[in-house]
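Below you'll find the structure, written out as structure tokens, and then a few comments.
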Amino acid sequence: MKKIVILTGAGISAESGLKTFRDSNGLWENHKIEDVATPYAWKSNPELVLDFYNKRRLQASKAFPNKAHLSLVELEKYFDVTIITQNVDDLHERAGSTKVIHLHGELIKARSSGNPSLIYNIDNNKIEIGDLCDEGHQLRPHIVWFGEEVPMITSVIPFFQVAEIVIVIGTSLSVYPASGLIDYASGADCYYIDPNGSKSMANKNFKIIPHSAVKGVKELIEELKNKSMNS
Ligand code: APR
């Protein structure tokens, strides 16, 4: 089966009711990103950071995968599909996608603030001040904050290098290093689904599909299915 790698961002979850980051005047759910999603924020106001992510977790738990998430599951019938997501929600997994790698962490996990290798599944439960890891350190959200390294980045590059098809969905590609991944996809047919598509993809070898994720994914999947049946 042909290898497809799919890079998703907040836009794929927009039609499930989860807000994107950069479509709302630089605020994320009424907060400046630097007040809730940086190591500095965690140091200066951990209560606010925990409360913010507890709310994001609750919100994500009430959302449902939309037709774009579900269509990507269908694609697995025809292709070897790997999804690399910048999203911290679990809508790809809940839709049924079998290979999902989270670049920026996961809301349903907590990790030790003293030992990053201690990661715990917390499902939809809150993290509170005083919740400790097995070594006695405060638990924090398992999220890659601004200013932190992206530990998964080197392990996902090979997926782009060997992919025959690359699909980018609902991301402004404004956050490094995730935005640099597409540069490794030199040999692939590349598609970009985003209603504001064209500006960030100028000069790149991508076919732009300037629609929402639900509409764009449906359209592209028909095209890919037809191509795979005729080849
Ligand atoms: N369908 C598809 N795309 C959409 C839709 C939709 N219905 N609605 C909005 N979009 C697009 C926007 O046009 C934009 O290009 O989704 C993109 C969202 O971009 P961002 O808000 O920048 O989100 P993302 O690219 O995922 O952000 C990357 O930045 O804040 C950090 O770590 C966080 O993972 C996040 C990273």
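The values are calculated or read from the model by the stated rules, or taken from the named source; none is laboratory data. As the structure is a prediction and not an experimental result, all values here were calculated from the model. Cβ placement follows ideal geometry from the backbone for every residue including glycine, while neighbour counts extend to all protein chains displayed. Heads up: the accessible areas ignore ligands, DNA and RNA and are worked out on the full protein's heavy atoms, side chains in. Shrake-Rupley method; radii C 1.70, N 1.55, O 1.52, S 1.80 Å.
Net charge near Ile12, counting Lys/Arg +1 and Asp/Glu -1 over other residues with Cβ under 10 Å of its Cβ?
Taking every other residue near Ile12 into account, the sum is -3.
Magnitude of the Cβ-charge dipole of the range 1-127, K/R +1 and D/E -1, about the Cα centre, nearest 20 debye?
Using only the charged Cβ atoms, the result is roughly 120 debye.
Determine, from the Cβ-Cβ distance of Arg94 and Ser186 and an R0 of 25 Å, the FRET efficiency 1/(1 + (r/R0)^6), rounded to the nearest 0.05.
The pair Arg94/Ser186 has a calculated efficiency of 0.15.
Would you please put 100-108, 132-140 in order of how densely packed they are, using the mean number of other Cβ atoms within 10 angstrom per residue and starting with the highest?
100-108, 132-140
May I ask for the net charge around Ser186, where only other residues with Cβ less than 13 Å from the Cβ of Ser186 are counted and Lys, Arg are +1 while Asp, Glu are -1?
So the environment of Ser186 carries a net charge of -2.
Given the protein chains as shown and a 1.4 Å probe, how many square angstrom of Phe206 are accessible, to the nearest 10?
Around 30 Å² of this residue is reachable by solvent.
Which order do the peptides 6-18, 145-157, 173-185 take when ranked by the mean count of other beta-carbon atoms within 10 Å per residue, highest first?
With the highest mean Cβ count within 10 Å placed first, the list reads 6-18, 173-185, 145-157.
When only the heavy atoms of the protein chains count and the probe is 1.4 Å, how do Ser186, Ser61 rank by accessible area, highest first?
Ser186, Ser61
So what is the 222 nm mean residue ellipticity for the chain from helices alone, if each DSSP H run of at least 4 adds -39500 (n - 2.57) and you divide by all residues, rounding to the nearest 500 deg cm²/dmol?
-9000 deg cm²/dmol
If you roll a 1.4 angstrom probe over the protein chains with everything in place, what fraction of the accessible area of the chain belongs to carbon and sulfur, to the nearest %?
It is 51 percent, rounded to a whole number.
Rounded to whole Å and sorted largest first, list the principal axis extents of the Cα atoms in the chain.
59, 36, 31
Taking the Cα centre of the chain as the origin and placing charges on Cβ (Lys, Arg +1; Asp, Glu -1), which of Ser71, Val49, Pro210 is farthest toward the positive end of the dipole?
Final value for the positive-end residue is Pro210.
With a Förster radius of 25 Å, plug the Cβ-Cβ distance of Glu149 and Met1 into 1/(1 + (r/R0)^6) and report the FRET value to the nearest 0.05.
My answer for the efficiency is 0.15.
Using θ = phi - 60° and the Karplus form 6.51 cos²θ - 1.76 cosθ + 1.60, what ³J(HN,Hα) does each residue of the range 221-231 get, whole Hz, x for Gly and Pro?
In residue order, the calculated couplings are 5, 4, 4, 5, 4, 4, 4, 5, 6, 8, 9 Hz.
If only Cα atoms are counted, what is the Rg of the range 159-231, and what is its Dmax, in Å?
Just the Cα atoms of the range 159-231 yield Rg and Dmax of 12.3, 38 Å.
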